[in-house]
Amino acid sequence: MVKVYMNEWFFNMGLLGLQRILEYVGARYEVIDNYLLFDEKVLDKFGEYYFDYFTKVYTDRQLSRMLNRLSKIKSVEDAEGLRNFLTSRSVKNLLDKVSTMIEEKYKNRLSEIVTVFSAKRKSSKKLESDAEEPKVSEACEYLEEILRLVLKEDGLRREIGLTYLRNDFYDNFFGQISFLQKTMASKGFKKHVEVFEKDFVEPVKQLIKEETSDERFFEENSRSRKSKPVHTCMLCKSHKAEVSDDSFFGNFFVPLGMTKVARNFMWNFNVAYPICNLCILVLMCTPAGATKVRDFDSLATIVGSDTQQFGQTDFFAFINVSDNLEKLIEYNNLLRLQSGDEHFFESFVQSAIQYHQQRAKFYLNDIMVFEFLSRYESKKSVIKYTHFDEGTAKFLINEVDEFKKIRSVKHRNAFFSRILFGGSLSDIIYVRLREETVEQKGNAAYDGYKMVILKSLLDLYRKYRGGDGMEEEKRVVFAIVNKAYNSGQELHRVLRNRAAENKIQGVSYRLLNFARAGDKNGFVDSLIRMHVSQSLPVPQIVLDMINESKVDFETLAYAYVSGLLGEQKNNDESIE
């Protein structure tokens, strides 16, 4: 039996991936405390298991998206949508490859559909009147049949899946190593298995054989191989490993890859690290341990403009637990179940809380959450992580349902993501309220107010760690924030009743800029002038903003602008 212990987060991701592959093929293994135990006989066919697992996962993911898109096109007889579908690069490449592998009876019909609907757009009347041309629904049904055939037939699925996994593995995980060399792109499933086993499986079998036959392998190797010293693996601290100059430079996990040129970043200028063949095999399983998610946190400012926008990016996520493999597997399985949810991390937290309420008290500060994205060609990677402090953990456990009141999907996700991984929550509030100055529908103003409340709550939880003394101050803070919001609403009503609604947009825009810059005097002075011009008394809350005794100026300012921009709505529908 082969025993592999938990280690650093990226290694644990590989260990989880290995467990998932073994579970998929029904191999014999055990999860015990902080290690995985499996029968070494698994290695005899591990190359086939490896690619069979990944080709299924990647093919299922890609083709499921295509089937969903076809279903939508079919439901509305969208000829233009079908043309766009067929001419998209991913679909075109797939159908080109499928056409070389399917029977002649399928091939001719497929070719006809692609030819007809890939042509320039034709009017719906002409399509309906032309008896020789298939209907959109019929074409979609046939394409669905072809895609399901790929999913059903192992031979088709394996060959098609190789293309998908190669692209992902190359860019996000391993770079150009072994079976990911460009010369292997045209090779089939069997050749990939052969190369993988030669490069990664056979060395592990040899390692086990050597260490089983001679327990004193370090001494013997140091005498017989003086030109190439043998050391203990830097990861597992158990097996022998030869020092290699490129052992940790993106070859086995691109996000952590370092450049050999930057020796000054390394201790004692040592850029070579020993990693044993067993740990290398585990690292090759990291894609199976990661969960692909969509992140809206990339808030970017367009240079030379005040316009703000959210970038939508695919990331890989992983939940790390340092001392219990079973718990790590449970958390990441929950994570994977929520991967299709538009409120991904929020849904994970809710599911984890519900899951543990049935067994034991759940503490988020037991775990670390990682998000990463790599680009091998450009030598860039982004890794975000968080370890929850006690206050944040209790905030999420007790208040997670409050996030549902934020209607905008992208702003809600970005706000939650910033709580997890850090970053200014005020930036998200500013962007949402800035949108309201343009839209003037009230939805964005309502979202802004709800985010102000959540930010105030989070500040209190972090200050008191969710403990004694928080409830009383919570009431005080809420009263102050609501007073600021209500004052903004009152000015909104006055301006509307006096047919001066056109002033709201300009005043709000100016106030938002003061709030963002932290200019208390400018903010208060602008409001005083507005109240005087309307013969209104200046609310005490406006003057109190300068003191910041209980609530910071920025929070009160955004609460006031939320009220000024629009009154609270009863509509609970989400908006994009």
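The values are calculated or read from the model by the stated rules, or taken from the named source; none is laboratory data. The model shown is predicted, which means the values in this text are computed figures rather than measured ones. Counting neighbours? That spans all protein chains shown, and the Cβs are built from the backbone with ideal geometry, glycine included.
Points worth noting:
- Residue selection: A484 satisfies the criterion of being over 35 Å from the mean Cα position of the chain (by Cα), touching a residue at least 24 places away in the same chain (Cβ under 8 Å) and under 14 Å from A559 (Cα atoms).
- From the list F173, F179, the lone residue that is in contact (Cβ under 8 Å) with a residue 60 or more places away in the chain and not aliphatic (A, V, I, L, M) is F173.
Condition check ((1) assigned to a helix (DSSP H, G or I); (2) under 21 Å from L396 (Cα atoms); (3) acidic (D, E)) across all residues:
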site: H411; (1), (2), (3): yes, yes, no
site: R418; (1), (2), (3): yes, yes, no
site: G423; (1), (2), (3): no, yes, no
site: M451; (1), (2), (3): yes, yes, no
site: Y461; (1), (2), (3): yes, yes, no
site: F478; (1), (2), (3): yes, yes, no
site: Q489; (1), (2), (3): yes, no, no
site: R493; (1), (2), (3): yes, no, no
site: K503; (1), (2), (3): yes, no, no
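- For segment 70-88, the criterion of being of a type in the set (K, R), buried (at least 18 other Cβ atoms within 10 Å of the Cβ) and touching a residue at least 12 places away in the same chain (Cβ under 8 Å) is satisfied by at least one residue.
- Annotation note: of K41, K56, K92, K3, the sole residue that is within 30 Å of the chain's Cα centre (by Cα) and loosely packed, with under 15 Cβ neighbours inside 10 Å is K92.
- The residue that is modelled with the highest pLDDT, counting only those in segment 534-576 that are of a type in the set (D, E) and closer than 30 Å to K410 by Cα, is E554.
- Segment 122-149 - residue that is modelled with pLDDT of 80 or more and surrounded by 18 or more Cβ atoms within 10 Å (Cβ to Cβ) and, of those, farthest from L180 (Cα to Cα): V136
- In summary, D447 fulfils each of the numbered conditions (1) surrounded by 21 or more Cβ atoms within 10 Å (Cβ to Cβ); (2) at pLDDT below 80 with the single exception of condition (2).
- Which numbered condition Q350 misses (of (1) modelled with pLDDT under 80; (2) touching a Ser or Thr at 6+ places or on another chain (Cβ under 7 Å); (3) buried (at least 20 other Cβ atoms within 10 Å of the Cβ)): (2)
Rundown of residues vs (1) at pLDDT 80 or above; (2) of a type outside the set (A, V, I, L, M); (3) touching a Lys or Arg at 6+ places or on another chain (Cβ under 6 Å); (4) surrounded by fewer than 18 Cβ atoms within 10 Å (Cβ to Cβ), yes/no style:
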{"residue": "V114", "(1), (2), (3), (4)": "no, no, no, no"}
{"residue": "K120", "(1), (2), (3), (4)": "no, yes, no, yes"}
{"residue": "E159", "(1), (2), (3), (4)": "yes, yes, no, no"}
{"residue": "D168", "(1), (2), (3), (4)": "yes, yes, no, no"}
{"residue": "G188", "(1), (2), (3), (4)": "yes, yes, no, yes"}
{"residue": "K191", "(1), (2), (3), (4)": "yes, yes, no, yes"}
{"residue": "E197", "(1), (2), (3), (4)": "yes, yes, no, no"}
{"residue": "P203", "(1), (2), (3), (4)": "yes, yes, no, yes"}
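- Within segment 369-399, considering residues that are of a type in the set (A, V, I, L, M) and surrounded by fewer than 17 Cβ atoms within 10 Å (Cβ to Cβ), the one modelled with the lowest pLDDT: V382
- Top-ranked residue of segment 161-186 - restricted to ones that are outside any helix (DSSP H, G or I) and either more than 31 Å from the chain's Cα centre (by Cα) or aliphatic (A, V, I, L, M) (or both), ranked as nearest to S381 (Cα to Cα): I177
- Test: residue in segment 491-511 that is of a type in the set (F, W, Y) and buried (at least 21 other Cβ atoms within 10 Å of the Cβ): no
Residues checked against (1) at pLDDT 90 or above; (2) closer than 19 Å to L328 by Cβ:
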| site | (1), (2) |
| --- | --- |
| L16 | yes, yes |
| Q19 | yes, yes |
| E30 | yes, yes |
| Y35 | no, yes |
| T59 | no, no |
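- Within segment 499-519, residues that are touching a residue at least 12 places away in the same chain (Cβ under 8 Å) reach partners that are assigned to a helix (DSSP H, G or I) and among the charged types (D, E, K, R) with beta carbons closer than 7 Å, at six or more positions or on different chains, in the pairs L512/R434; A515/E554; G518/E554.
- Check on K74, farther than 30 Å from K198 by Cβ, at pLDDT 75 or above and within 36 Å of the chain's Cα centre (by Cα): yes
- In this structure, G26 qualifies as on the phi > 0 side of the Ramachandran plot and either small (G, A, S) or surrounded by fewer than 20 Cβ atoms within 10 Å (Cβ to Cβ) (or both).
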